[in-house]
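Participant: Structure incoming, see below.
Just so it is clear, none of the values below were taken in a lab; they were calculated from the coordinates. A quick note: this is a predicted structure, and the numbers were derived from the prediction, not measured. Quick reminder, even Gly has a Cβ in these numbers, built from the backbone with ideal geometry, and neighbours come from all protein chains shown.
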Amino acid sequence: MIKRKLCILDDEKICDGCGECERCDIDPNKSCDNCGKCIGIDMDSRAILIDDVIIDTKAR
């Protein structure tokens, strides 16, 4: 049996690949590029650099 994917914008519709969910909220003529402007995040200035991972061997 083939499991069909539901549309993320309309939960009563089967995904037909229309691409509407990938449209930019600010400029509907372009695809989303995850710039963060629609949610007020400046993606160029926010980052976390992980240079080491410390594992607590004395954890409960």
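Participant: Give me the lysines in straight-line cross-link reach of K37: C-alpha distance below 29 Å, same-chain residues under 8 apart excluded.
Facilitator: The qualifying lysines are K5, K13.
Participant: If you add up the charges near D10, with Lys and Arg at +1 and Asp and Glu at -1, over every other residue whose beta carbon is less than 15 angstrom from its beta carbon, what do you get?
Facilitator: Numbers: positive: R4, K5, K13, R23; negative: D11, E12, D16, E20, E22.
So the environment of D10 carries a net charge of -1.
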